[in-house]
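Down below is the structure, laid out as structure tokens.
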Amino acid sequence: MATAGKQTQAAGEAPSALPMDDSLFFKLVRIVNLTARPFGESIGHANKLSLTEWRVMIVLASHPGCAAQEVASYTGLDKMSVSRALAGLARQGRIARRADPDDKRRVLITLSAAGERVYERIGVSGKARENDLFSVLGTAEQTRLARTLDKLIAHRLSADAPG
């Protein structure tokens, strides 16, 4: 049944749809999109950088020397998206690759000097945007949100783990 534009359901009845206005998932997607859109329109265009490439650069700056599979895990992106982003970053000389000394089949990836310069230049405005977004939350709310998001990430990773 519908009330004031919202779907409701009888007790014990399975939901038939994901109502946008009540969906936490949709709200998460929406805030990501609202904060990411300006990147492509200004910062990304000015630096010849896709949003996915930027996300990969953030991981490599935080975890230098990780493999592509780890980048995919840290970002939550699929392996093909990460592979394309790494190829684009490599074409622009923004990453360096080297064989893992402990496992020659693994390739470890770091930001190159050019990549580090781009990261530093963009990272300052990115941090300012993050601070602005979360400025409406108090410290306790930010801490609670961070813990909640960490819990959701851990749950999703364990649920998606092969086994």
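Looking at the stretch 24-57, which of its residues are outside any helix (DSSP H, G or I) and either without any contact (Cβ under 8 Å) to a residue 40 or more places away in the chain or touching a Ser or Thr at 6+ places or on another chain (Cβ under 6 Å) (or both)?
Ser50, the sole residue that qualifies.
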For this session: Among the residues of the stretch 91-139, write down those that are assigned to a loop (DSSP other than H, G, I, E, B) and either touching an Asp or Glu at 6+ places or on another chain (Cβ under 9 Å) or within 18 Å of Trp54 (Cβ to Cβ) (or both).
Result: Gln92, Gly93, Arg94, Ser112
Exercise. Which one is nearest to Phe25 (Cα to Cα), of the residues in the stretch 110-155 that are touching a residue at least 60 places away in the same chain (Cβ under 8 Å) and of a type in the set (Lys, Arg)?
Worked result: Arg129
Exercise. With Gly65, Gly44 as the choices, which residue is at pLDDT below 95 and surrounded by 11 or more Cβ atoms within 10 Å (Cβ to Cβ)?
Worked result: Gly44
Problem set entry | Lone unmet requirement of (1) surrounded by fewer than 10 Cβ atoms within 10 Å (Cβ to Cβ); (2) of a type in the set (Asp, Glu); (3) modelled with pLDDT of 80 or more for Asp21 | (3)
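This table checks each residue for (1) more than 19 Å from Gly44 (Cα to Cα); (2) surrounded by 15 or more Cβ atoms within 10 Å (Cβ to Cβ).
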residue: Val82; (1), (2): no, yes
residue: Leu89; (1), (2): no, yes
residue: Asp102; (1), (2): yes, no
residue: Arg105; (1), (2): yes, no
residue: Thr110; (1), (2): yes, yes
residue: Thr139; (1), (2): yes, no
residue: Gln142; (1), (2): yes, no
residue: Thr148; (1), (2): yes, no
residue: Leu152; (1), (2): yes, no
Exercise. Can you name the residue in the stretch 112-137 that is surrounded by 11 or more Cβ atoms within 10 Å (Cβ to Cβ) and hydroxyl-bearing (Ser, Thr, Tyr) and, of all such residues, is farthest from the chain's Cα centre (by Cα)?
Worked result: Ser112
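The values are calculated or read from the model by the stated rules, or taken from the named source; none is laboratory data. Computed from a prediction, not measured in an experiment: that's the story for all the values here. Every residue, glycine among them, receives a Cβ derived from its backbone with ideal geometry; neighbour counts consider all protein chains shown.
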